[in-house]
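Input: a single structure, listed below in structure tokens.
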Amino acid sequence: MIMNNLGTTKYIIHAELIADGYVEKHDVIGAIFGQTEGLLGDELDLKELQKSGRIGRIDVELTNINGKSIAKITVPSSLDKIETSILAATLETIDRVGPCVATVKVVDIEDIRKKKREYIIERAKEILKQLMSNIDVNTIIEEVKESVRMGEIIEYGPEKLPAGPAVDISDDIIVVEGRADVLNLLRCGFKNVIAVEGTSVPKTIIELSKKKIVTIFTDGDRGGELILKELLQVCDVDFIARAPPGKEVEELSKKEIIKCLRSKIPVEHFLTQQLCSEKNRDKLEYEKFLYAADNNNNNTNVDIISTVKTDSDIENNIEKYPQTLKHIKYKKYYEKFVNLKDSEVLVIYNGEEKIVNLNELISNISHYDLFDAIIIKGTVNQKLVDILYEKTNLIFCNDAKIIKKPANLRIISFGDLNA
């Protein structure tokens with residue numbers, strides 16, 4: 001706390017006055033000046049000391065209780081230690097306030113310079129901390145590196161694309177999304193880098209891809225996927241590298257960048273992965289599911305998948321291929337099941353769908369009406385069946401571990417084939 005309104009004060013005298021009767025504040029002030037006047041000569045007379053500013057404003061806090069008056073007196077002093085002690089002792093000679101007998105006791109003499117020194121020490125610590133935090137060597141280093149990088153970055157081609165100085169002389173180049181990515185790779189020592197600067201691929205990049213070995217290095221988000229797809233359509237790409245999911249190239253550390261570039265994959269490998277993981281993924285998973293539907297592990301299921309198209313086809317062949325056709329019938333539910341996360345539940349009622357947490361469903365089950373179906377990404381046990389069977393007659397799940405199933409309830413287990 002900053003020491004305000006103390007001026008040249010060195011000490012503060014704290015005294016307590018007790019009067020046997022009712023007195024007021026001005027009575028106490030009058031007694032202090034009146035009864036100390038002339039005791040110590042002009043040199044230590046309170047009025048003279050106040051005029052010269054060597055004694056500050058005398059403050060009195062007065063309380064009247066049960067016919068007695070108690071006053072707390074504070075006297076600021078800029079006198080030396082000896083003179084202040086004499087003045088404090090003089091206050092104790094006061095024996096009457098107005099018509100009442102009184103006593104004064106000096107409680108403490110506070111050394112303001114000590115308080116000031118403590119304040120100075122604490123404040124100096126705070127100031128030093130601020131100074132130390134402002135002197136950040138790493139920040140200075142980064143600023144110097146940034147200025148070097150800014151000096152290295154060039155504008156390449158008619159589109160003036162941000163690029164490193166080695167794009168022309170290198171046999172291979174790294175194509176990134178934006179200027180910040182170029183700067184980050186320059187910081188890590190990669191000078192053969194150039195930015196697309198948008199989703200529309202510049203002609204300069206297309207021409208470079210025909211002459212050089214090209215590695216596409218994009219952010220690990222949806223935007224990075226879109227730019228990558230655009231580049232693959234118009235450029236001759238050799239390798240693909242991606243930032244970790246949810247991260248951007250511009251925020252990666254040197255170690256992370258090196259790791260991503262070392263883990264780059266040939267474009268042919270990437271395209272094969274995409275083929276399996278995108279449009280064909282659900283189909284492949286579902287065919288795998290149907291293969292396992294019957295226990296004979298032959299190609300009969302594949303034939304049935306290709307020939308059975310309608311609900312009537314299913315009914316006509318249900319006795320011959322019970323498991324396979326049952327699962328074809330529930331294909332739409334399986335596709336919804338695959339898209340759920342662990343412990344998520346999809347409830348279907350009146351044609352509407354809603355995804356909820358399993359615990360939430362159990363807690364609020366009494367608030368729901370009857371469901372058309374419940375799809376659970378997890379194992380259904382006996383306890384769960386006992387809770388849900390009155391709300392639906394159709395449950396889909398990963399696996400079912402139950403002892404007793406109600407007669408009106410169907411439980412379809414998809415197993416762990418989506419994993």
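The values are calculated or read from the model by the stated rules, or taken from the named source; none is laboratory data. Bear in mind the structure is a predicted one, so any value in this text is a computation, not a measurement. So basically every Cβ, Gly included, is an ideal-geometry build from the backbone, and we count neighbours across all protein chains shown. Heads up: the accessible areas ignore ligands, DNA and RNA and are worked out on the full protein's heavy atoms, side chains in. Shrake-Rupley method; radii C 1.70, N 1.55, O 1.52, S 1.80 Å.
Of all residues in the range 33-75, those satisfying the criterion of being assigned to a loop (DSSP other than H, G, I, E, B) and free of Cβ contacts under 8 Å to residues at least 24 places away in the same chain are GLU37, GLY38, GLY41, ASP45, SER52, ARG57, ASN66. Scanning the range 271-292 finds no residues that are open to solvent by less than 50 Å² (accessible area, probe 1.4 Å), modelled with pLDDT of 50 or more and farther than 29 Å from LYS332 by Cα. GLY98 satisfies every condition listed in (1) surrounded by fewer than 17 Cβ atoms within 10 Å (Cβ to Cβ); (2) within 26 Å of ASP111 (Cα to Cα) except (2). A single member of GLU207, GLU197 is acidic (Asp, Glu), in contact with a Lys or Arg (Cβ under 8 Å, 6 or more places away or on another chain) and within 16 Å of TYR156 (Cα to Cα), and it is GLU197. Filtering the range 382-401 to residues that are surrounded by fewer than 16 Cβ atoms within 10 Å (Cβ to Cβ) and under 14 Å from VAL345 (Cβ atoms) leaves only ILE387. Pick from ILE412, ILE387, ILE348: which is touching a residue at least 24 places away in the same chain (Cβ under 8 Å) and assigned to a helix (DSSP H, G or I)? Only one candidate qualifies: ILE387.
Within the range 211-223, the residues that satisfy the criterion of being out of contact with any Ser or Thr (no Cβ under 8 Å at 6 or more places or on another chain), open to solvent by 20 Å² or more (accessible area, probe 1.4 Å) and either assigned to a loop (DSSP other than H, G, I, E, B) or aliphatic (A, V, I, L, M) (or both) are ILE213, ASP221. When LEU183, LEU208 are checked against the criterion of being in contact with a helix residue (DSSP H, G or I) (Cβ under 6 Å, 6 or more places away or on another chain), not basic (Lys, Arg) and not in a strand (DSSP E or B), a single residue qualifies: LEU183.
Screening ILE109, ILE29, ILE65 for residues that are open to solvent by 20 Å² or more (accessible area, probe 1.4 Å), within 60 Å of the chain's Cα centre (by Cα) and over 30 Å from GLU126 (Cα atoms) leaves exactly one candidate, ILE65. Applying the condition of being of a type outside the set (Ser, Thr, Tyr) and more than 30 Å from the chain's Cα centre (by Cα) to the range 347-363 and asking which residue is most open to solvent (accessible area, probe 1.4 Å) yields ASN350.
Note on the range 44-59: residues that are closer than 17 Å to THR93 by Cβ and of a type in the set (D, E, K, R) amount to 2.
Okay, residues lined up against (1) of a type in the set (A, V, I, L, M); (2) surrounded by 14 or more Cβ atoms within 10 Å (Cβ to Cβ); (3) modelled with pLDDT of 90 or more; (4) farther than 30 Å from ARG117 by Cβ:
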| residue | (1), (2), (3), (4) |
| --- | --- |
| ILE2 | yes, no, no, no |
| LYS10 | no, yes, no, no |
| GLY38 | no, no, no, yes |
| SER69 | no, yes, yes, yes |
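Residues that are at pLDDT 85 or above and over 38 Å from the mean Cα position of the chain (by Cα) were ranked within the range 389-412; the one that is farthest from TYR334 (Cα to Cα) is GLU390. Residues in the range 79-94: is at least one in contact with a helix residue (DSSP H, G or I) (Cβ under 8 Å, 6 or more places away or on another chain), assigned to a strand (DSSP E or B) and crowded, with 17+ Cβ neighbours inside 10 Å? Within the range 79-94 (the criterion being in contact with a helix residue (DSSP H, G or I) (Cβ under 8 Å, 6 or more places away or on another chain), assigned to a strand (DSSP E or B) and crowded, with 17+ Cβ neighbours inside 10 Å), the answer is no, since none of the residues qualifies. One residue stands out in the range 193-205 among those that are in contact with a helix residue (DSSP H, G or I) (Cβ under 9 Å, 6 or more places away or on another chain) and surrounded by fewer than 20 Cβ atoms within 10 Å (Cβ to Cβ): the one that is farthest from CYS260 (Cα to Cα), namely SER200.
In this structure, does LEU226 turn out to be touching a Leu at 6+ places or on another chain (Cβ under 9 Å) and either farther than 26 Å from ILE169 by Cα or surrounded by fewer than 18 Cβ atoms within 10 Å (Cβ to Cβ) (or both)? Considered against the rule, which asks whether it is touching a Leu at 6+ places or on another chain (Cβ under 9 Å) and either farther than 26 Å from ILE169 by Cα or surrounded by fewer than 18 Cβ atoms within 10 Å (Cβ to Cβ) (or both), LEU226 comes out as no.
Scanning the range 231-273 for residues that are in a helix (DSSP H, G or I) and over 33 Å from the mean Cα position of the chain (by Cα) yields LEU231, LEU232, GLN233, VAL234, VAL267, GLU268, HIS269, PHE270, LEU271, THR272, GLN273.
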